[in-house]
Amino acid sequence: MYIPFVTFKPMEKELDTELRAAFERVYGNSWYIEGKEDEAFENAFAEYCNTKYCIGCGNGLDALMLALKALEVEAGDEVIVPSNTYIASALAITYVGAKPVFVEPDIRTYNIDSNKIEAAITSRTKVIMPVHLYGQPCNMKPIMEIAKMYNLYILEDCAQAHGATFHGQVVGSFGDAAGFSFYPGKNLGALGDAGATVTNSKKLADKIRALGNYGSDYKYHHIYRGNNSRLDELQAAFLAVKLPHLDHMNEERRKIAKRYMDEIINPKFVLPYVLDGTNPVWHIFAIRCKNRDKLVEYLKTAGIGTNMHYPIPMHLQGAYKDLHVQQGALPIAEEISATELSLPLYYGMTDEEISYVVDKLNSF
């Protein structure tokens, strides 16, 4: 049996008629940027996130970067971010001239350890960027309390957590703003690159929108040195088709994850830990294994696709060697990077496929 790490085919087959109709509608209207499709999706996604405003943009990196620019984060400022994340979280900080300050994750949840944030705060700290990694919500209560105590902004990185909740509140609605990616592989994915920033601040929303449109608040009137990062009509239309199905698809991911949690009993693996009060959406189902390389080859031979998120932590990436963070400085992030393995989990995965993965893992 062959089981890929991910496939979109079951979802695309189910939504085929709606997606093709969306394409025909946009193509027929001959309007491709900043039109009715974009406006409709932004309104729907803001409502879904329980926020007042949504501003579509080109990708998830831009969603974070534009928010940081709107918060006036600049050279000399510092932003606290977990070292166990995708590089886009750090690059957004770098692109506005600020310094990413890497903090250890919690070894159980892989998210930023709220107990270690305060020690990383300096007089230059301006923002805390919690990343809801793998679709697991961060422990937002202490993060919010720390931000309030030190008068810091919170920018949530929700790129992998569309629809996840912390004590009943959807992620993306806690901070001053939040960035989402709609990369095709996300739980809510476009058919190309796309992203969005959400916020409850009209002032911030207006500024983010202008910054993503060449710094322009209206045509040929430029009040900021902006970027070109807008959600195009076609991707907005595709996302609008998928959004009403997101909760249903997330529920299926939860059912697959529950089977993994209940049925994988091999003591060689550390399974995910779900923090009390959180409801993950399982963008990634990450296990840890000391013999990861051997496990990867074993599963590959069995026809099971896997992935690693992420084999090199941010503080050891060549892109950030100028920060001079030495190997061993963040041992928990390094431990996760050396042992994490992501298992197949996608909408449309069959019971037979799940059982096959479980059986092979238990036999390792």
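The values are calculated or read from the model by the stated rules, or taken from the named source; none is laboratory data. Everything quoted here is computed from the prediction, not taken from an experiment. Here the Cβ positions follow ideal geometry from the backbone for every residue, glycine too, while neighbour counts run over all protein chains shown. SASA here: full protein model, heavy atoms, side chains in, ligands and nucleic acids out. Shrake-Rupley method; radii C 1.70, N 1.55, O 1.52, S 1.80 Å.
Gain in length, Y218 to A21, computed as 0.36 nm per residue apart minus the alpha-carbon separation, to one decimal in nm?
Gain in length upon complete extension: 67.8 nm.
Using only the alpha-carbon atoms of segment 122-186, report the extent along each of the three principal axes, biggest first, to the nearest angstrom.
39, 24, 16
Suppose only helical runs count, i.e. DSSP H with n ≥ 4. What mean residue ellipticity at 222 nm does that imply for the chain under -39500 (n - 2.57) per run, divided by all residues and rounded to the nearest 500 deg cm²/dmol?
Values: 11 runs with 134 residues, N = 364.
Computed mean residue ellipticity for the chain: -11500 deg cm²/dmol.
Over segment 212-270, give the accessible area per residue in Å² for a 1.4 Å probe, as an integer.
On a per-residue basis, segment 212-270 sits at 56 Å².
Principal axis extents for segment 72-229, Cα atoms only, whole Å, descending order, please.
50, 39, 26
Where q = 0.12, 0.19, 0.21 Å⁻¹, what log10 of I(q)/I(0) comes from the Debye formula for segment 138-293, counting one point per Cα?
After summing over all Cα pairs, the log10 values are -0.68, -1.26, -1.36.
What accessible area, in Å² to the nearest ten, does a 1.4 Å probe give for D293?
110 Å²
What residue among A75, L15, F285 has its Cα farthest toward the positive end of the dipole of the chain, where the charges are +1 on Lys, Arg and -1 on Asp, Glu, each on the Cβ?
Value: A75.
What does the net charge come to around M129 if you take all other residues with beta carbon closer than 13 Å to its beta carbon, with K and R at +1 and D and E at -1?
Taking every Cβ under 13 Å from that of M129, the sum is -3.
Top mean-square fluctuation among Y110, Y273, Y53, Gaussian network model of the chain, C-alpha springs under 10 Å?
Highest fluctuation among the options: Y273.
By the gyration tensor of its Cα atoms, with a ≥ b ≥ c the square roots of the eigenvalues, what is the shape of segment 153-226: rounded for a/c under 1.5, prolate for a/b over b/c, or oblate? Don't skip to the end; give the middle numbers.
Numbers: a/c = 3.39, a/b = 1.51, b/c = 2.24.
Oblate, since a/c reaches 1.5 and b/c is not below a/b.
Suppose we keep just the alpha-carbon trace of the chain; what are its Rg and Dmax in angstrom?
Reported Rg and Dmax, both Å: 20.4, 65.
Rank M349, A88, Y150 by how far each Cα sits towards the positive end of the charge dipole of the chain (+1 on Lys, Arg Cβ; -1 on Asp, Glu Cβ) and give me just the farthest.
Projecting each Cα onto the dipole axis, the largest value belongs to Y150.
Per residue, how many Å² of accessible area does segment 310-351 show with a 1.4 Å probe?
Value returned for segment 310-351: 44 Å² of accessible area per residue.
Compute the projected area of the convex hull of the Cα atoms of segment 81-124, averaged over all viewing directions, and report it in nm² to one decimal place.
Spelled out: convex hull of the Cα atoms, projected over all directions, averaged, 3.2 nm².
Quick check for me: using +1 on Lys/Arg Cβ and -1 on Asp/Glu Cβ, what's the dipole size of the chain about its Cα centre, in debye to the nearest 20?
Once rounded to the nearest 20, the dipole reads 420 debye.
Can you give the net charge of the other residues whose Cβ lies under 9 Å from the Cβ of A92, counting K and R as +1 and D and E as -1?
Net local charge, A92 excluded: -2.
So which GluC sites (Glu not before Pro) in segment 56-115 pass both tests, a DSSP loop state and at most 15 other Cβ atoms within 10 Å of the Cβ? Walk me through the numbers before you get to the answer.
Working: sites: E72, E74, E78; in loops: E72, E74.
Taking segment 56-115 and a limit of 15 other Cβ atoms within 10 Å, the loop GluC sites (Glu not before Pro) found are E72, E74.
In a Gaussian network model over the chain where Cα atoms closer than 10 Å are linked, find which of A67, A329, A46 has the largest mean-square fluctuation.
Judging by the Gaussian network model, the answer is A329.
Of K116/K186; K290/K360; K116/K258, which ones are farther than 19 Å apart at the Cα?
K116/K186; K116/K258
Report, by chain and number, residues whose modeled amide H sits under 5 Å from the one on V103, excluding near sequence neighbours (fewer than 5 apart, same chain).
Excluding prolines and chain starts, which carry no amide H, the hits are V81, S83.
If the cut-off is 23 Å between C-alpha atoms, which lysines fall inside it for K69, apart from same-chain ones fewer than 8 positions away?
Leaving aside lysines fewer than 8 places away in the same chain, those within reach of K69 are K52, K99, K126, K148, K202, K203, K207, K219.
Rounded to the nearest 20 debye, what is the charge dipole size of segment 156-244 about its Cα centre when +1 sits on each Lys and Arg Cβ and -1 on each Asp and Glu Cβ?
200 debye
Write down Rg/Rh for segment 36-77, rounded to two decimals, with Rg from the C-alpha atoms and Rh from the Kirkwood relation over Cα pairs.
Working: Rg = 12.5 Å, Rh = 11.6 Å.
Dividing the radius of gyration by the Kirkwood radius yields 1.08.
Using only the alpha carbons, work out the radius of gyration and Dmax of segment 273-364 in angstrom.
15.8, 49
Could you give the Stokes-Einstein D for segment 16-129 in µm² per second, using the C-alpha Kirkwood radius, 10 °C, 1.306 mPa s?
Here the translational diffusion coefficient equals 95 µm²/s.
Between I312 and L275, what is the label-to-label distance in nm when each label sits 7 Å out along the Cα-to-Cβ direction?
Once both label points are built, they end up 2.9 nm from each other.
Please check: in the Gaussian network model of the chain (C-alpha springs, under 10 Å), which one of A177, A120, A210 has the largest mean-square fluctuation.
A120
Name the shape class, rounded, prolate or oblate, that the alpha-carbon gyration tensor gives for segment 203-247, where a ≥ b ≥ c are the square roots of its eigenvalues, rounded holds for a/c under 1.5, and otherwise prolate holds if a/b is larger than b/c and oblate otherwise. Don't jump to the answer; show the numbers that get you there.
On the way: a/c = 3.74, a/b = 2.39, b/c = 1.56.
The shape class here is prolate.
Using a 1.4 Å probe on the protein chains only, how many percent of the accessible area of the chain belongs to carbon and sulfur?
52 percent
Take the Cα pairs of segment 203-303, get the Kirkwood Rh, then feed it into Stokes-Einstein at 4 °C and 1.567 mPa s and tell me D in µm²/s.
Details: Rh = 18.2 Å.
The diffusion coefficient I find is 71 µm²/s.
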